[in-house]
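The values are calculated or read from the model by the stated rules, or taken from the named source; none is laboratory data. Values in this document were obtained by computation on a predicted structure and should not be read as measured data. Every residue, glycine among them, receives a Cβ derived from its backbone with ideal geometry; neighbour counts consider all protein chains shown. Calculation scope for accessible area: heavy atoms of the full protein, side chains included, ligands and nucleic acids excluded. Shrake-Rupley method; radii C 1.70, N 1.55, O 1.52, S 1.80 Å.
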Amino acid sequence: MNLMVNGQDTTVQDGARRTRGRPRSFDRATALEKALMAFWEHGYEATSVSDLTRIMGIGAPSLYAAFGDKRSLFEEVVRVYTDTHGAFGDRALAEEPTARAAVERMLREAAAEYTDPAHPYGCLVVHAATNCSSAEVEGLLRERRNANIAAFATRIRADVAAGLLPAGTDAGALARHTGAMIQGMSQQARDGASREDLEALAEIAMAIWPHE
């Protein structure tokens, strides 16, 4: 297409005119992983929208268009975390033949995952709502943690019913003990505990498990 600029004939490609003003494209999955790491490291409250746009390499309009507001982005981050970095617990419950074996594996893998230098230490679901003023975000993460404890209790009750654990086993208390260990290991990893330190804790935790 020809345009007259200051009396001069200037050729402009139609493709260039069509793309002018379009937002810069980005890889959604990569941007989401970068947001996950930011929330994991700094928590929900301390991670601002401006932090996110800088870390994700996109403008605010692109962030809102692709992910909605900050809370919607965080909710998606939690889902991704649960299906990836935090999936070891569900895998252990699904794949191990007993509750005891599942919890023992879960604690061992938590020791490795929570101290892996390839990403922030600890667990996003445990730490992301620290000092958070959003009741919705706090509630989201609390529900996730409570759902995990409920899953532990369900598996323990199944083993009691099958005779794999003593009939008098308090499934609720044992499940909460497991949850407390997972959450405590996460905090200790944030405080500098090594993988070996956490593996030692896991061994002590399993020593209290009842035997049939």
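A few remarks follow.
- Residue pairs meeting the criteria (Cβ under 6 Å; at least 6 apart or on separate chains; first free of Cβ contacts under 8 Å to residues at least 12 places away in the same chain and on the phi < 0 side of the Ramachandran plot, in segment 34-56; second open to solvent by 10 Å² or more (accessible area, probe 1.4 Å) and in a helix (DSSP H, G or I)): THR53/ALA60
- Residue match in segment 182-195 (condition: open to solvent by less than 70 Å² (accessible area, probe 1.4 Å) and acidic (Asp, Glu)): no
- Evaluation of ALA189 against the conditions (1) under 18 Å from PRO97 (Cβ atoms); (2) under 23 Å from the mean Cα position of the chain (by Cα); (3) touching a residue at least 60 places away in the same chain (Cβ under 8 Å) shows that the sole unmet condition is (1).
- When LEU73 is tested against the conditions (1) within 15 Å of the chain's Cα centre (by Cα); (2) open to solvent by 30 Å² or more (accessible area, probe 1.4 Å), the lone failure is (2).
- Members of segment 94-111 that are open to solvent by 30 Å² or more (accessible area, probe 1.4 Å) and in contact (Cβ under 8 Å) with a residue 40 or more places away in the chain: THR98, ARG100, GLU104, ARG108
- Breaking point among (1) within 27 Å of ALA200 (Cα to Cα); (2) modelled with pLDDT under 95; (3) open to solvent by 70 Å² or more (accessible area, probe 1.4 Å), for HIS127: (3)
- Test for GLY139: is it surrounded by fewer than 20 Cβ atoms within 10 Å (Cβ to Cβ), farther than 19 Å from THR82 by Cα and not hydrophobic (A, V, I, L, M, F, W, C): no
- Being in contact with a helix residue (DSSP H, G or I) (Cβ under 7 Å, 6 or more places away or on another chain) and either at positive phi or not in a loop (DSSP other than H, G, I, E, B) (or both) is a property that holds for ALA205.
- Residue list for segment 4-51, restricted to those being touching a strand residue (DSSP E or B) at 6+ places or on another chain (Cβ under 7 Å) and either at pLDDT 95 or above or open to solvent by less than 60 Å² (accessible area, probe 1.4 Å) (or both): THR10, VAL12
- Once segment 112-124 is narrowed to residues that are within 17 Å of PHE39 (Cα to Cα) and among the small types (Gly, Ala, Ser), the residue that is least open to solvent (accessible area, probe 1.4 Å) is GLY122.
- Number of positions in segment 158-182 that are modelled with pLDDT under 95 and part of a helix (DSSP H, G or I): 0
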